[in-house]
Amino acid sequence: MKPKVYQITAQSKSFAYESGLMGKFEKLLKEFDLKRFIPENELVPLKMHLGNTGAFKTIRPQFVKKVVDAVKQVPAKPFVTDSVRVPGYEYLEVAKEAGYTHLTLDAPVIMADGIFGNDSIPVYAGETLGEMSVASAIHDAKSMVVLSHVKGHIQAVLGGAIKNISMGGISAAPRGGDWNHGRGKMHFLMGEIMQWDETKCTLCLDCMHVCPVGAITFPDNAYVVDKGKCWRCGRCARVCPTEAIEVPVSHEIFMKAVAEGANAVLKTFEPGRVVYINFLLEMQPECDCMPLADPPVAQDQGILISHDPVAIDTATLDILSRVSPLPDSRASGLGLKEGWDIFSLLHKKDGRLQLVEAEKLGLGSSRYELEVVG
Ligand code: SF4
Ligand code: SF4
């Protein structure tokens with residue numbers, strides 16, 4: 001039987017609360033019946049990406065609160081979490097600024113790999129990555145709800161459910177600074193560190209300012225990375241306006257690594273214990289890791305829910321292959337191409353590859369049944 005993906009659209013038919021997205025989401029959560037997936041009285045991570053300074057187009061707290069309420073109805077004990085993207089103390093400040101607090105969500109907000117970002121447990125991911133460090137608060141849970149703000153990503157192309165559990169479920173800085181078992185390994189499978197081209201560098205220092213761990217210095221106007229500190233997040237290369245910093249990369253290997261990262265995280269759960277919710281709202285071109293928010297590339301498409309990560313991400317890309325690029329966005333002027341979604345067109349790479357690899361690993365099915373329920 002094909003896995004089901006349920007969708008509620010962003011449009012409202014009237015001014016009644018039940019007709020709006022918030023009311024429809026409440027009903028969707030009730031009808032999806034989280035009791036089927038979440039054991040009673042257990043702690044349940046609500047896996048999110050909490051954003052970054054300047055990246056404000058993450059999932060609005062009101063939606064997260066609805067999920068908290070639904071999990072409490074099971075009854076179970078939800079907590080909102082992500083592994084550290086910037087050092088844990090600062091990341092909690094980012095979460096607070098975005099409105100994700102115990103007070104607003106009625107659930108604790110914690111770092112899945114601890115305030116130091118090193119609380120993790122090694123799990124075999126696959127032949128490309130080997131062993132990876134899964135954040136302990138996710139590793140030790142019996143069930144999980146994955147809330148993904150759908151957006152683009154420079155390398156993964158789609159930031160959806162698979163990428164959320166993969167890059168967000170693995171620690172950035174495993175204990176002892178062993179980056180080779182951390183998230184950064186996914187970025188650096190083709191070479192150990194960034195290449196810097198002095199002739200292209202304008203000394204704007206954007207790379208230094210974006211580095212989450214202060215690993216970059218410019219003694220004598222030369223880009224120097226402290227390899228011991230560096231998380232291999234790749235953000236310095238991404239922000240460089242002149243492409244003076246290069247991360248050697250293979251799209252195929254990277255996508256395989258993303259799928260394997262998700263595999264490591266999902267291996268820590270019994271089958272049928274994870275629920276996925278994709279928010280196709282305010283879909284910006286780049287990851288919420290980047291310190292900015294850009295105009296959405298397409299109109300809001302509502303919210304999807306499923307028990308299958310490959311199905312929900314495939315449905316997401318299918319929907320995004322039928323949308324029109326929004327004017328004044330980075331997708332403006334992109335022509336639609338049969339079988340190509342807006343993020344793959346924008347990033348000039350095939351976003352489905354991560355789903356193909358995830359399906360090969362048995363994480364889910366790309367053949368699904370979509371039901372629009374509101
Ligand atoms: S990859 Fe670049 S931005 Fe990221 S931690 Fe290393 S030096 Fe800093
Ligand atoms: S961002 Fe690029 S151009 Fe600017 S200082 Fe860094 S390497 Fe040089």
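The values are calculated or read from the model by the stated rules, or taken from the named source; none is laboratory data. Note that the structure is a prediction, hence the values are computed from the model and not measured. Here the Cβ positions follow ideal geometry from the backbone for every residue, glycine too, while neighbour counts run over all protein chains shown.
For region 69-106, a residue qualifies if it is basic (Lys, Arg) and under 20 Å from His139 (Cα atoms), and the qualifying residues are Lys77, Arg85.
Here's the yes/no breakdown for (1) over 18 Å from the mean Cα position of the chain (by Cα); (2) in the same structural domain as Gly51 (by TED's automatic domain parsing); (3) of a type in the set (A, V, I, L, M, F, W, C):
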position: Tyr276; (1), (2), (3): no, yes, no
position: Pro295; (1), (2), (3): yes, yes, no
position: Asp308; (1), (2), (3): no, yes, no
position: Ala311; (1), (2), (3): no, yes, yes
position: Leu320; (1), (2), (3): no, yes, yes
position: Gly333; (1), (2), (3): yes, yes, no
position: Trp340; (1), (2), (3): yes, yes, yes
position: Val356; (1), (2), (3): no, yes, yes
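Remark: Ser366 matches the filter, which requires a residue to be in contact with a helix residue (DSSP H, G or I) (Cβ under 7 Å, 6 or more places away or on another chain) and surrounded by fewer than 20 Cβ atoms within 10 Å (Cβ to Cβ). Scanning region 234-252 for residues that are away from ligand 2 (no atom under 16 Å from the Cβ) and either among the charged types (D, E, K, R) or loosely packed, with under 13 Cβ neighbours inside 10 Å (or both) yields a total of 2. Only residues that are at pLDDT below 95 and surrounded by fewer than 22 Cβ atoms within 10 Å (Cβ to Cβ): list them for region 137-160, please. Residues satisfying the conditions are Ile154, Gln155. Within region 172-208, if we keep just the residues that are surrounded by fewer than 13 Cβ atoms within 10 Å (Cβ to Cβ) and in a helix (DSSP H, G or I), the residue that is nearest to ligand 1 (Cβ to nearest atom) turns out to be Glu198.
Residue by residue, here is whether (1) closer than 30 Å to Thr316 by Cβ; (2) within 16 Å of ligand 2 (Cβ to nearest atom); (3) out of contact with any Leu (no Cβ under 7 Å at 6 or more places or on another chain) holds:
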| residue | (1), (2), (3) |
| --- | --- |
| Ile193 | no, yes, yes |
| Lys200 | no, yes, yes |
| Val210 | yes, yes, yes |
| Asn221 | no, yes, no |
| Arg232 | yes, no, yes |
| Ala264 | yes, no, yes |
| Leu281 | yes, no, yes |
| Pro291 | yes, yes, yes |
| Asp294 | yes, no, yes |
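Would you point out the residue of region 209-228, among those that are part of a loop (DSSP other than H, G, I, E, B) and within 7 Å of ligand 1 (Cβ to nearest atom), that is surrounded by the fewest Cβ atoms within 10 Å (Cβ to Cβ)? So, considering only residues that are part of a loop (DSSP other than H, G, I, E, B) and within 7 Å of ligand 1 (Cβ to nearest atom), the one surrounded by the fewest Cβ atoms within 10 Å (Cβ to Cβ) is Val213.
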